[in-house]
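Step one of this worksheet: look at the structure below.
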Amino acid sequence: MKINLLNYTLEQLGEYFESIGEKKFRAKQVFRWMHVYGVSTFEEMTDIAKSLRSKLQELAEISVPELVTEKIASDGVYKWALAVGNGNKIETVFIPDGERGTLCISSQVGCALECQFCSTARQGFNRNLTAGEIVGQLWWANKRLGKDPKGEKLITNVVMMGMGEPLANYENVIKAMQIMLDDNAYNLSKKKLTLSTSGIVPALDKLGRDCPVALAVSLHASNNEVRDKIIPLNKKYPIEELLSACKRYLANSPKDYVTFEYVMLKGVNDDLIYAEELIKLVRGIECKFNLIPFNPFPNSGFESSSRNQIMKFQKILQNGGLITTIRKTRGEDIDAACGQLVGRVMDKTKRQEKWGVIHLVN
Ligand code: SAH
């Protein structure tokens, strides 16, 4: 089988070139062709010697995602379903917002975490995406969207908030993020690349050491009793441990705060008592709150809190000194909102252990 060069960081591509008897600096040229110029064939790499191009042609490939469907919402949000082999599909979402364009990227086919309010969880888990499949979503979206009239790329921010738990696919997610940050590729700043996690504590610590990017944490509850019910992973890594990890993370974080996501579920976690409890809970942690109105899906068994309740909840947090925003729901008419991404998961092998807990090195 040919090697997919999209899987390699610049460092690894250099090593690969050496292993096939080529000069390392050629790797940089090829890397730039792929990621800066969005090229997917070796023929297009015109400043590379013909002999090297045909050698690469024989040994390697640039395997980019294959589009299954494209939907465009009335508010300008795009949702793409991309094929990842064996009938599996993932979803990627582009959210334009004035000067900012955010791409929401998937990290796994399905998810093993079983968060009760998330439709991706209902599908089960098939497999981790490769680094090439993860960064390939950015490659694809840049290609599809083109540039604005000033010649700038439309994607200014990336969030690892699509299907899957990014920290359960640690190695590949880190590699993909390193490519996104590389100035010979997408040149994203660490502040504009956000990873969202349900809270796999050891992996979060490792992320702080290996590749600290902006951090969002799916908190969704102010105590273990409620969180245990909606996020089974909490039984393994309870709130106190998660919050300590957030504090440790802040020491290396490119942003000086953590964003806590809080999905507003009617009658589950939206009592105003919980807002008071949150204020005490996060004392001493630099953070912002982002309240997310629950996005419904068939047979979810949950309802969103009313607008009024969400605003009251927000007010209490704000009075407690916490910067709190309410997430604008985008792309709703094409099911592209948070927690609505489903793609297609064939053959739920559940190869990961329950909760998708990764085999961490160290
Ligand atoms: N697995 C990662 C990233 C995926 S989801 C994580 O858990 O953080 C991105 C955000 O959407 C998470 O905060 C998630 O809890 C939230 N979410 C999931 N389902 C939702 C739904 N139905 N409505 C609103 N937000 C939801």
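All of the numbers you see were taken from the coordinates with simple rules; none came from a lab. As the structure is a computational prediction, the values presented were derived from the model and not from experiment. Backbone-built Cβ (ideal geometry, glycine too); neighbour counts: all protein chains shown.
Beyond a 20 Å Cα-Cα separation, which of these cross-linked pairs lie in this structure: LYS247/LYS312; LYS247/LYS288; LYS288/LYS315; LYS191/LYS312; LYS28/LYS55?
With Cα atoms farther than 20 Å apart: LYS247/LYS312; LYS191/LYS312.
With the alpha-carbon atoms as the only input, what is the per residue convex hull volume for the chain in Å³?
142 Å³
Rounded to the nearest 5, what % of the DSSP beta bridges within the chain are antiparallel ones?
Antiparallel bridges make up about 45 percent of those DSSP assigns within the chain.
Over the range 20-104, calculate the relative contact order: mean separation of alpha carbon pairs under 8 Å at least 6 apart, over the residue count, as a percent.
15 percent
Quick one: which of LYS23/LYS206; LYS266/LYS328; LYS175/LYS348; LYS147/LYS192 span more than 23 angstrom between C-alpha atoms?
LYS23/LYS206; LYS175/LYS348
Per residue of the chain, what 222 nm ellipticity follows from adding -39500 (n - 2.57) for every DSSP H run with n ≥ 4, rounded to the nearest 500?
Computed mean residue ellipticity for the chain: -9500 deg cm²/dmol.
For the chain, which longest stretch is free of loop sites, where a loop site is one of the GluC sites (Glu not before Pro) that DSSP puts outside H, G, I, E and B and that has at most 11 other Cβ atoms within 10 Å?
Here the longest run is 153-352.
When the dipole is taken about the Cα centre of the range 66-355, and only Lys, Arg (+1) and Asp, Glu (-1) are charged at their Cβ, what size is it in debye, to the nearest 20?
In debye, rounded to 20, the range 66-355 gives about 140.
Taking 8 Å as the Cα distance limit and 6 or more residues as the minimum spacing, I'd like the relative contact order of the chain as a percentage.
Averaging sequence separation for qualifying contacts and normalising by length gives 19 percent for the chain.
What cysteines in the chain have no other cysteine with a beta carbon less than 4.7 Å from their beta carbon?
Those would be CYS104, CYS111, CYS211, CYS246, CYS287, CYS338, since no other cysteine Cβ in the chain comes under 4.7 Å of theirs.
Which order do the peptides 138-147, 195-204 come out in when sorted by mean C-beta neighbours inside 10 angstrom, highest first?
195-204, 138-147
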